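K.L.:
My questions will all concern the structure given below.
The values are calculated or read from the model by the stated rules, or taken from the named source; none is laboratory data. None of the values given here were measured: they were computed from a predicted structure. Cβ placement follows ideal geometry from the backbone for every residue including glycine, while neighbour counts extend to all protein chains displayed.
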Amino acid sequence: MSEQQPTEAESGIGEPSDEWREYQGAPTGTEIECEGWRQEAALRMLNNLLVQSGKPVGRFPTHERAPRVLIANSNLVGKWDNWEHFHELEAEGKIMYGQMTAGSWAYIGTQGIIQGTYETLAELGRQEYDDDLEGKVVATGGLGGMSGAQPLAVTMNRGVCIAAEVDARRIERRLETDYLMERASDLDEALDDAAAAAEAGEPYSVAVEMNVADMLEAMADRDFVPDIVTDQTSAHDELEGYYPSGYTVAEADALRESDPERYVEASLDTMERHVDAILELQERGAVAFEYGNNLRGQVEDHRGRKDAFDFPGFVPAYIRPMFCRGRGPFRWAALSGDPTDIHRTDEAVTELFPDNESLNRWIELAQEQVSFQGLPSRVCWLGYQSEDDPDGLTERARFALRINELVAEGEISAPIVVTRDHLDAGSVASPHRETEAMRDGTDAVADWPILNALLNCAAGADIVSVHDGGGVGIGNALHANNHVVLDGSDLAAETARRVFTTDPGMGVIRHADAGYKDALEEADRSDVPVPMRDRR
């Protein structure tokens, strides 16, 4: 909903249209074009995404507590749920790739993943070093719309980041937005500068223009073993996302158009080398994890390499304990377009949760270092945890209700739309990411995102969406999302109480059903019913 449009190199799909080039962003201010703010919010979120291949198909009368928009993207029946059939339909204009937040009109640009990456690295530091990442070097790949968050997330945790990126324009963009500190002329310069910063204990980030597989292999050859190795390239899409080694960006783009089958094979060959390099660095002592882009799954599926999964995904390694408590990324956007409104919400969330050290540090860092893109937005991790509230309200509900009060009182100039990231506790089935290595083997059970969407419809969310694919590719995930428009009304308060109980509550019961002790304890503390618990 709020990042500037990607260039043709970033999207990987041809030249942008004239309409795309002329796009000026969503309407802002307090004057509205629609009958009410719930409808206006949908318009503004849609305008910020400029949906090109999705289409409206109908409109039916319901009631005032029903969602204003229902979205389904990329969903295919099992036998046909694959890239080949998807691309056939996409070429005919009959389907679109919904991604996760983008397809549900909840995209807020790079900030959307910064905190998730920040939280992941913070938890890694606690687990591996009993501290932050001071003096530690993180080697990774990708500086695109999502992956561009990595350097800043590393330095926020006081670490050192070396990032490989094939597209010089993406490097420049991250330098311009201060997500990245330096650009090295070659790998040797990057390694020397990173080593010096780590030795001095100074946060530092540097990018080098090269393929990440080549970079990691060169690190191994030079016996430079980073403390941490990960990756956020678009490996989930071997045709439109990942760049193969041995080609410039222009050469690869031309090959994609002229010989897509050859391009795919070159991508998969590079992915296999990429995985081998990570495994080699892990063998030499690096902490390795995949950041949910299905790199391991691609190499296993297309190259028969079961050992691709010899390093873990980030969710089972670092995030699942938070999911068990219904904790996940909660995001909101100011429909006014006024950054002051977001600054007031920053104050509100820190006032509500003064003892949450991680949250307060994040808000402080975000205010200092995170640039707004499009509609001013913010994200922070909040969960269920209703036992601390005398009315039994969840963390998310408490904060949403406070925002609604501020809108009603005029301290915030226009309504706030609250939604969340795809990386959430009870809204995704993704065996190579959110539900990887579930305790009871239910990694691929897709009932949970469907139940999440149905429940949030029943709770009255203003927008509810269901998608296939997302960041791990068609056929590899199912996920749901929602929006609530906080316009200061009693109806908005009523909706917030329900949705921000049901949504994080799904995370608690999903993990409780799988037998996780943390989730069962959270259910006890917060009085979340788990009907089948006694039969486990």
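K.L.:
Taking the condition of being of a type in the set (Asp, Glu) and assigned to a helix (DSSP H, G or I), how many residues in region 159-203 meet it?
P.N.:
Of region 159-203, the ones of a type in the set (Asp, Glu) are 165, 167, 172, 176, 178, 182, 186, 188-189, 192-193, 199, 202.
If we keep only those that are assigned to a helix (DSSP H, G or I) as well, we get 172, 176, 188-189, 192-193, 199.
Number satisfying all stated conditions: 7.
K.L.:
With respect to the numbered conditions (1) aliphatic (A, V, I, L, M); (2) under 27 Å from ASP487 (Cβ atoms); (3) out of contact with any Pro (no Cβ under 7 Å at 6 or more places or on another chain), which one is the sole condition not fulfilled by ILE319?
P.N.:
So ILE319 meets the others, but not (2).
K.L.:
A further question on this structure: Are any residues in region 204-223 in a loop (DSSP other than H, G, I, E, B) and surrounded by fewer than 21 Cβ atoms within 10 Å (Cβ to Cβ), and if so, which ones?
P.N.:
MET210, ARG222, ASP223
K.L.:
Same structure again: Can you give me the number of residues within region 513-536 that are aliphatic (A, V, I, L, M) and in contact (Cβ under 8 Å) with a residue 60 or more places away in the chain?
P.N.:
Within region 513-536, residues that are aliphatic (A, V, I, L, M) and in contact (Cβ under 8 Å) with a residue 60 or more places away in the chain number 3.
K.L.:
Consider region 422-476. How many of its residues are closer than 21 Å to ASP310 by Cβ and hydrophobic (A, V, I, L, M, F, W, C)?
P.N.:
Matching residues across region 422-476 total 4.
Rundown of residues vs (1) more than 22 Å from the chain's Cα centre (by Cα); (2) surrounded by 21 or more Cβ atoms within 10 Å (Cβ to Cβ), yes/no style:
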{"residue": "CYS161", "(1), (2)": "no, yes"}
{"residue": "GLU165", "(1), (2)": "no, yes"}
{"residue": "ARG170", "(1), (2)": "no, yes"}
{"residue": "ASP178", "(1), (2)": "no, no"}
{"residue": "LEU191", "(1), (2)": "yes, yes"}
{"residue": "ASP231", "(1), (2)": "no, yes"}
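K.L.:
I'm checking my understanding of the structure. Among residues of region 305-335 that are within 19 Å of HIS236 (Cβ to Cβ) and assigned to a loop (DSSP other than H, G, I, E, B), which one is farthest from the chain's Cα centre (by Cα)?
P.N.:
Out of the qualifying residues, it is ARG305.
K.L.:
Something else about it: So which of PHE353, PHE330 is touching a residue at least 12 places away in the same chain (Cβ under 8 Å), surrounded by fewer than 21 Cβ atoms within 10 Å (Cβ to Cβ) and under 30 Å from THR502 (Cβ atoms)?
P.N.:
The unique qualifying residue is PHE353.
K.L.:
Answer with yes or no whether TYR263 is crowded, with 17+ Cβ neighbours inside 10 Å, out of contact with any Leu (no Cβ under 9 Å at 6 or more places or on another chain) and either aromatic (Phe, Trp, Tyr) or not assigned by TED's automatic domain parsing to the domain that holds THR120 (or both).
P.N.:
Spelling it out, it is not the case that TYR263 is crowded, with 17+ Cβ neighbours inside 10 Å, out of contact with any Leu (no Cβ under 9 Å at 6 or more places or on another chain) and either aromatic (Phe, Trp, Tyr) or not assigned by TED's automatic domain parsing to the domain that holds THR120 (or both).
K.L.:
Does at least one position in region 45-57 carry a residue that is at pLDDT 85 or above, buried (at least 19 other Cβ atoms within 10 Å of the Cβ) and closer than 20 Å to LEU486 by Cβ?
P.N.:
Residues of region 45-57 that are at pLDDT 85 or above, as a first pass: none.
Looking through region 45-57, none of the residues is at pLDDT 85 or above, buried (at least 19 other Cβ atoms within 10 Å of the Cβ) and closer than 20 Å to LEU486 by Cβ.
K.L.:
Can you name the residue in region 476-493 that is of a type in the set (Gly, Ala, Ser) and not in a helix (DSSP H, G or I) and, of all such residues, is nearest to THR345 (Cα to Cα)?
P.N.:
Residues of region 476-493 that are of a type in the set (Gly, Ala, Ser), as a first pass: 477, 480, 488-489, 492-493.
Checking the rest, the ones that are also not in a helix (DSSP H, G or I) come to 477, 480, 488-489.
Working: ALA477: 33, ALA480: 25, GLY488: 14, SER489: 17 Å.
Among those that are of a type in the set (Gly, Ala, Ser) and not in a helix (DSSP H, G or I), it is GLY488.
K.L.:
Sticking with this structure for a sec: Here is a list of conditions, (1) over 17 Å from PRO329 (Cα atoms); (2) surrounded by 23 or more Cβ atoms within 10 Å (Cβ to Cβ); (3) more than 15 Å from the chain's Cα centre (by Cα), and VAL472 meets all of them except one; can you say which number that is?
P.N.:
Unmet condition: (3).
K.L.:
Hey, another quick one. State all residues of region 309-318 that are surrounded by fewer than 23 Cβ atoms within 10 Å (Cβ to Cβ), out of contact with any strand residue (DSSP E or B) (no Cβ under 8 Å at 6 or more places or on another chain) and hydrophobic (A, V, I, L, M, F, W, C); if no residue qualifies, say none.
P.N.:
PHE309, ALA317
K.L.:
Please tell me if SER74 is out of contact with any Pro (no Cβ under 7 Å at 6 or more places or on another chain) and at pLDDT below 85.
P.N.:
Considered against the rule, which asks whether it is out of contact with any Pro (no Cβ under 7 Å at 6 or more places or on another chain) and at pLDDT below 85, SER74 comes out as no.
K.L.:
Please enumerate the residues belonging to region 293-332 that are at pLDDT 95 or above and of a type in the set (A, V, I, L, M).
P.N.:
Selection gives LEU295, VAL299, ALA308.
K.L.:
Also, quick follow-up: Just one of (1) within 22 Å of SER245 (Cβ to Cβ); (2) not in a helix (DSSP H, G or I) trips up GLY135, so point out which.
P.N.:
(1)
Results for (1) at pLDDT 95 or above; (2) closer than 24 Å to GLU238 by Cβ, shown as yes or no for each residue.
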position	(1), (2)
ASP421	no, no
ARG433	no, yes
SER465	no, no
ASN476	no, yes
LEU486	yes, no
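K.L.:
Given the condition of a type outside the set (Gly, Ala, Ser) and over 20 Å from GLY98 (Cβ atoms), answer yes or no: does some residue in region 420-437 qualify?
P.N.:
Yes.
K.L.:
Scan region 245-258 and give yes if some residue there is within 27 Å of the chain's Cα centre (by Cα), assigned to a loop (DSSP other than H, G, I, E, B) and crowded, with 18+ Cβ neighbours inside 10 Å, otherwise no.
P.N.:
Looking through region 245-258, at least one residue is within 27 Å of the chain's Cα centre (by Cα), assigned to a loop (DSSP other than H, G, I, E, B) and crowded, with 18+ Cβ neighbours inside 10 Å.
K.L.:
When you go through LEU359, LEU375, LEU393 one by one, which is the residue that is more than 22 Å from THR495 (Cα to Cα), in a loop (DSSP other than H, G, I, E, B) and either at pLDDT below 95 or not charged (D, E, K, R) (or both)?
P.N.:
On inspection, the qualifying residue turns out to be LEU375.
K.L.:
Let me ask another. Hey, among ALA414, ALA397, ALA408, which residue is touching a residue at least 24 places away in the same chain (Cβ under 8 Å) and within 19 Å of ALA42 (Cβ to Cβ)?
P.N.:
Selected residue: ALA414, the only one of ALA414, ALA397, ALA408 that is touching a residue at least 24 places away in the same chain (Cβ under 8 Å) and within 19 Å of ALA42 (Cβ to Cβ).
K.L.:
Something else now. List the number of the failed condition for GLU240; all other conditions in (1) modelled with pLDDT under 95; (2) under 16 Å from VAL160 (Cα atoms); (3) not hydrophobic (A, V, I, L, M, F, W, C) hold.
P.N.:
It is condition (2) that GLU240 fails.
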